[in-house]
Amino acid sequence: MCEAGDADGSSEDTVGDAFPALLEDSAEDLYEHAPCGYLSTLMDGTIAKINTTLLGWLGHRREELVGRRRFADLLTVGGRIYHETHIAPMLAMHGEAGGLALELRTAGGTRLPVLVTSTVKNGADGTAQLIRSTIFDARDRRAYEEELLRARRQADLERDRARGLAAILQRTLLPPALPAVPGMEVAAHYHPASADEVGGDFYDLFPLTGGTWGFFLGDVSGKGAVAAAVTSLVRYTLRAAAVYDPDPVGVLRNLNTVLNQEFRGTDPRYCTVVYGSLTPEAGGCVITLAGGGHPPSLLIRAAGTVEFVGTPGGMLVGAVPDARFTKVGLRLAPGDTLLLYSDGLTEARTSSGRARYSEEELREFLRTPAPTTAPAVTAALKGLLTSFGDGVEDDTALLALSIPSETAS
């Protein structure tokens, strides 16, 4: 017990012996060698007092500055302008100014980034006498900020590069231009929901034999590079299948077989598609549509009425080996327009209440008192998508086909 007591006592004695040494550290010494700079100036900015720490940072002798130079003389050109136009008026009005990021110029001509806080000392009669400033070395902070800025610029460059690659890849998945179909007007539009990712929506229009044309519009599950690869496969397969068997249902069956063979097991891939064939004839064209799980197309008649053209019972393409597909026939007359679209449009959130934009709302939007055209419909929907802003959460593809009205011709 005695040994323990002795040990405790010697420890207390050691701590106690340190206090006299600490007390000998004078206030003047604390001022001169503080870990920050201290500066006192007259109200006109003339330096009246400066501590050793700040002198060491600047590389000046005390007699070079005290009574000879003003605080503004230590600043860079931009800092002097800012001091005269902002800091000095702020001190005169409020008596203090804090967190000021400035640069001092050292005796060697280098720049020293600092953070400055200044307060005005008033006399007993309230008259301003001195300006006291505390100055912190901000070199480490400046280096940190510059590194953050460099990293941000690099990230912006990488993002722009990724967006550029995504845009290029997206363009390769769409036809650069739609071919001209005799006696018809055609138009298409692709609205990406994000500039950072490649979407899986697609469309195409191409000639077949015997004056017949094939066309399709669809949406592959997922996004990114994998979805792009599937989209490319789907487009190629649809075109090849249409040459092999032009019947729209047969085309979708061929696509379903290919997807089931290519993507089996733990990573199934599927899509929704509307595939159609059209044959122009006198006064219009005949169209056959086959659907695989895709939203119904819309037929806008010359009289302004709008009706859904669905393919009930059509299943997702690629989801199961024995998927069932159905088809429907229709005829476009002068002034009629057929619209194919993907669900990025009808699942967009509107600005009012953020509700989903429905197929019924789309049908009402397309009602028109006069015959319309494929380019006009596409332009109107392009404006509608733009009005939704960030409410469009998925890419949208549009493909419209129309017969010019007799009055227009």
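Among the residues of the range 223-239, which ones are open to solvent by 50 Å² or more (accessible area, probe 1.4 Å) and more than 23 Å from residue 338 (Cα to Cα)? Across the range 223-239, the qualifying residues are 223, 225, 226, 229, 232, 236.
Let's see how each residue does on (1) more than 30 Å from residue 388 (Cα to Cα); (2) open to solvent by 30 Å² or more (accessible area, probe 1.4 Å):
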{"position": "218", "(1), (2)": "no, no"}
{"position": "221", "(1), (2)": "no, no"}
{"position": "247", "(1), (2)": "yes, yes"}
{"position": "273", "(1), (2)": "no, no"}
{"position": "282", "(1), (2)": "yes, yes"}
{"position": "289", "(1), (2)": "no, no"}
{"position": "293", "(1), (2)": "no, yes"}
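State yes or no: is residue 88 modelled with pLDDT under 90, farther than 27 Å from residue 145 by Cβ and either among the hydrophobic types (A, V, I, L, M, F, W, C) or not in a loop (DSSP other than H, G, I, E, B) (or both)? No; evaluated as a whole, the condition is false for this residue. For the range 107-127, the criterion of being touching a His at 6+ places or on another chain (Cβ under 7 Å), touching a residue at least 12 places away in the same chain (Cβ under 8 Å) and under 26 Å from residue 35 (Cα atoms) is met by at least one residue.
Scanning the range 329-385 for residues that are modelled with pLDDT under 90 and hydrophobic (A, V, I, L, M, F, W, C) returns 348, 355, 370.
In the range 51-97, the qualifying residues are those that are more than 24 Å from residue 126 (Cα to Cα) and in contact (Cβ under 8 Å) with a residue 60 or more places away in the chain, and the one that is least open to solvent (accessible area, probe 1.4 Å) is 54. Could you please let me know if residue 258 is under 35 Å from the mean Cα position of the chain (by Cα) and in contact (Cβ under 8 Å) with a residue 12 or more places away in the chain? When the stated conditions are applied, residue 258 does not pass them. The residues on offer are 342, 405, and the sole one that is closer than 22 Å to residue 214 by Cβ, in contact (Cβ under 8 Å) with a residue 24 or more places away in the chain and of a type in the set (Ser, Thr, Tyr) is 342.
Looking at the range 131-139, is at least one residue within 42 Å of the chain's Cα centre (by Cα), free of Cβ contacts under 8 Å to residues at least 40 places away in the same chain and exposed (fewer than 14 other Cβ atoms within 10 Å of the Cβ)? Within the range 131-139, one or more residues are within 42 Å of the chain's Cα centre (by Cα), free of Cβ contacts under 8 Å to residues at least 40 places away in the same chain and exposed (fewer than 14 other Cβ atoms within 10 Å of the Cβ). Inside the range 34-77, residues that are under 50 Å from the mean Cα position of the chain (by Cα), part of a helix (DSSP H, G or I), within 22 Å of residue 129 (Cβ to Cβ) and not aliphatic (A, V, I, L, M) make up a count of 2.
Candidates are the residues of the range 365-409 that are more than 19 Å from residue 219 (Cα to Cα), in a helix (DSSP H, G or I) and among the polar types (S, T, N, Q); the one that is least open to solvent (accessible area, probe 1.4 Å) is 387.
The values are calculated or read from the model by the stated rules, or taken from the named source; none is laboratory data. Please read these numbers as outputs of a predicted model, since none were measured by experiment. Neighbour counts run over all protein chains shown; Cβ positions are idealised from the backbone, glycine included. Protein only, heavy atoms only, side chains kept; ligands, DNA and RNA dropped before computing areas. Shrake-Rupley method; radii C 1.70, N 1.55, O 1.52, S 1.80 Å.
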